[in-house]
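Structure first, then comments.
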Amino acid sequence: MKGPIWSIVVGCSLLATSAGLYFLQIIIFHRVDDTNFYLLQDLAFLPVQVLLVTFIVDRLLTRREKQNLLDKMNMAIGTFYAEVGVDLLRRLLVFDANVTAIRTGMTIHMNWTPRQFAAASLLAQRHVANMTFSKEELSAIRQHLLSHREFLLRFLENPNLLEHDTFTDCLWAVFHLLDELAHRTDFQRLPDSDLQHLANDMERAYKLIVIEWLAYMRHLMKAYPYLFSLALRTNPFDPSARVTV
């Protein structure tokens with residue numbers, strides 16, 4: 001039985017059952033006025049029930065579902081940064097000749113406030129990178145991304161990430177950079193115009209990685225302090241960061 005037809009049958013059955021019970025009540029107790037009174041009373045309370053279920057209970061359940069989904073997405077995002085993101089960020093910021101303009105603002109501390117994270121995110125969005133690299137370094141980035149191609153492809157198949165627009169944009173930017181580099185085998189013969197095109201692709205991926213990394217660091221600070229501690233000790237922007245305690 002198809003969905004809409006099934007819903008109609010169930011609805012009619014419930015209405016018929018309710019009408020039958022009211023009719024049975026009248027036959028047994030012969031109190032029509034009382035039956036009509038309680039029927040009207042139930043109908044009067046119906047809008048309040050709709051309000052409670054639709055606007056309160058449903059929103060609470062939706063919020064809980066979104067929080068569960070967000071937790072799953074953050075686990076996936078953490079995997080991305082552990083496997084690819086942090087190492088790629090460390091490589092790309094070396095290419096940024098203007099990195100000193102944001103290095104201090106990205107040096108996160110254990111007691112950072114939400115306002116400081118917001119300020120750092122704004123700084124990353126407004127940052128104008130100057131991607132300068134040699135052709136040998138370009139080849140090294142290519143090899144690094146190609147070694148993680150299968151991981152990135154599997155990552156794109158994660159349905160939970162479709163709910164996270166900004167991180168999906170970041171992931172596509174990284175994959176686009178990988179694809180651009182994968183189609184070039186001889187970097188020594190690339191013209192300056194093509195090198196500038198690759199620099200633009202790098203800058204796009206670099207900026208999005210930084211913005212999403214800040215959001216992920218803020219999540220770790222709130223939810224997993226021990227992971228946040230490790231992330232601080234491996235912060236690619238902090239020259240003094242040491243993994244040892």
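The values are calculated or read from the model by the stated rules, or taken from the named source; none is laboratory data. As the structure is a computational prediction, the values presented were derived from the model and not from experiment. Cβ placement follows ideal geometry from the backbone for every residue including glycine, while neighbour counts extend to all protein chains displayed.
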*Please state which of the following conditions VAL50 fails to meet, knowing it meets all the rest: (1) at pLDDT 90 or above; (2) more than 27 Å from the chain's Cα centre (by Cα).*
(1)
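Is there a residue being basic (Lys, Arg) and surrounded by 18 or more Cβ atoms within 10 Å (Cβ to Cβ) anywhere in region 206-226? I'd like the intermediate steps shown before the answer.
As a first pass, look at region 206-226 and keep what is basic (Lys, Arg): 207, 218, 222.
Adding the requirement that they be surrounded by 18 or more Cβ atoms within 10 Å (Cβ to Cβ) leaves 207, 218.
The answer is yes, given that some residue of region 206-226 is basic (Lys, Arg) and surrounded by 18 or more Cβ atoms within 10 Å (Cβ to Cβ).
The rows are residues; the columns are (1) at pLDDT 95 or above; (2) in a helix (DSSP H, G or I); (3) more than 17 Å from ASP87 (Cα to Cα).
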site: ARG154; (1), (2), (3): no, yes, yes
site: LEU161; (1), (2), (3): no, yes, yes
site: THR168; (1), (2), (3): no, yes, yes
site: LEU171; (1), (2), (3): no, yes, no
site: HIS176; (1), (2), (3): no, yes, yes
site: ASP179; (1), (2), (3): no, yes, yes
site: THR185; (1), (2), (3): no, no, yes
site: ASP194; (1), (2), (3): no, yes, yes
site: ALA199; (1), (2), (3): no, yes, yes
_Of residues in region 65-79 being of a type in the set (A, V, I, L, M) and over 13 Å from MET217 (Cα atoms), the one modelled with the lowest pLDDT_ = LEU69
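Would you mind finding the one in ALA129, ALA101, ALA140 that is outside any helix (DSSP H, G or I), farther than 28 Å from LYS72 by Cα and not polar (S, T, N, Q)?
Working: ALA101 fails: outside any helix (DSSP H, G or I); ALA140 fails: outside any helix (DSSP H, G or I).
Sole residue among the options that is outside any helix (DSSP H, G or I), farther than 28 Å from LYS72 by Cα and not polar (S, T, N, Q): ALA129.
Does ASP169 qualify as being within 22 Å of the chain's Cα centre (by Cα) and either under 25 Å from GLU137 (Cβ atoms) or assigned by TED's automatic domain parsing to the domain that holds LEU123 (or both)? Give the derivation first.
Values: within 22 Å of the chain's Cα centre (by Cα): yes; either under 25 Å from GLU137 (Cβ atoms) or assigned by TED's automatic domain parsing to the domain that holds LEU123 (or both): yes.
The answer is yes for ASP169.
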_So for region 208-215 (the condition being at pLDDT below 85 and under 21 Å from ARG90 (Cβ atoms)), does at least one residue qualify?_
no
*Determine whether region 117-132 contains at least one residue that is modelled with pLDDT of 90 or more, buried (at least 19 other Cβ atoms within 10 Å of the Cβ), closer than 30 Å to GLN188 by Cα and among the small types (Gly, Ala, Ser).*
yes
